[in-house]
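Note sheet for the following structure.
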Amino acid sequence: AFRDSLVTRVYDLATGEASVLYRECDGHRFTGPNDIVFDSAGGFWFIFRAGKLLVTAGAASPDIPGIAMSERPTLPVTDRYFIGLLDGVACWAASCHDVEPPASFAFEALRGLFNRLPDNLIAIAGRGAQVVEFHRTHRYCGVCAAPTAVDDFGRARCCQACGEIAYPRIAPAM
């Protein structure tokens, strides 16, 4: 397989095949093999389990695996949320629970990925982790303890009983 430390590849978890997608982002060349998860429409996907990001295992510069989200990923993904745009491309965060990563992949803490992934991807992964954690910890209303539902196009949670709306507090730095 072609291995260039300045390219971005997408991996198919079912076949293990990699395709070169980008060599740069926002005019900046990548400094390592930092792969991004793309959906069928070209969106970036960041998949978390217990606050850790899914990346290739054992690499000095880890890769984020590619999954065509129009298809079913090889691990059960839940709670998908739109995070924003990076260079005009949609960014999504999702979580999975109590599953082992596919072969050759691992879940790593974001702090351990600093200086191993580009800053713009770390920033989006950080925001994705915060949004996923907000939705995990706000499934019930803080006022009346009734179940909440996703509201405001996924940006908030609304209580089904009292109408209380909660928005996440997003920290600019982690």
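Condition (residue is part of a strand (DSSP E or B) and among the hydrophobic types (A, V, I, L, M, F, W, C)) applied to region 138-155: is it met by at least one residue?
yes
Quick one: count up the residues across region 76-86 that are among the aliphatic types (A, V, I, L, M) and either closer than 10 Å to I47 by Cα or open to solvent by 50 Å² or more (accessible area, probe 1.4 Å) (or both).
Keep residues of region 76-86 that are among the aliphatic types (A, V, I, L, M), which gives 77, 83, 85-86.
If we keep only those that are either closer than 10 Å to I47 by Cα or open to solvent by 50 Å² or more (accessible area, probe 1.4 Å) (or both) as well, we get 77, 85.
Qualifying residue count for the region: 2.
Answer yes if at least one residue in region 72-82 is aromatic (F, W, Y), closer than 19 Å to V55 by Cβ and modelled with pLDDT under 90, and no otherwise. Steps first, answer last, please.
Restricting attention to region 72-82, the residues satisfying the condition of being aromatic (F, W, Y) are 81-82.
Subset that is closer than 19 Å to V55 by Cβ: none.
Scanning region 72-82 turns up no residue that is aromatic (F, W, Y), closer than 19 Å to V55 by Cβ and modelled with pLDDT under 90.
Table: residues versus (1) open to solvent by 80 Å² or more (accessible area, probe 1.4 Å); (2) modelled with pLDDT of 85 or more; (3) of a type in the set (A, V, I, L, M).
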| position | (1), (2), (3) |
| --- | --- |
| G88 | no, no, no |
| C91 | no, no, no |
| F105 | no, no, no |
| Q130 | no, yes, no |
| H138 | no, yes, no |
| A145 | no, yes, yes |
| G154 | no, no, no |
| Y167 | yes, yes, no |
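For region 101-116, check the following and say yes or no: at least one residue is outside any strand (DSSP E or B), under 14 Å from the mean Cα position of the chain (by Cα), touching a residue at least 24 places away in the same chain (Cβ under 8 Å) and on the phi < 0 side of the Ramachandran plot.
yes
Can you name the number of the only condition in (1) among the hydroxyl-bearing types (S, T, Y); (2) modelled with pLDDT under 85; (3) touching a helix residue (DSSP H, G or I) at 6+ places or on another chain (Cβ under 8 Å) that S95 fails?
Unmet for S95, out of (1) among the hydroxyl-bearing types (S, T, Y); (2) modelled with pLDDT under 85; (3) touching a helix residue (DSSP H, G or I) at 6+ places or on another chain (Cβ under 8 Å): (2).
The values are calculated or read from the model by the stated rules, or taken from the named source; none is laboratory data. Being a predicted model, the structure only gives us computed values, none of them experimental. No Cβ is skipped: glycine too gets one built from the backbone with ideal geometry, and neighbour counts run over all protein chains shown. Heavy atoms of the whole protein, side chains included, go into the accessibility calculation; ligands, DNA and RNA do not. Shrake-Rupley method; radii C 1.70, N 1.55, O 1.52, S 1.80 Å.
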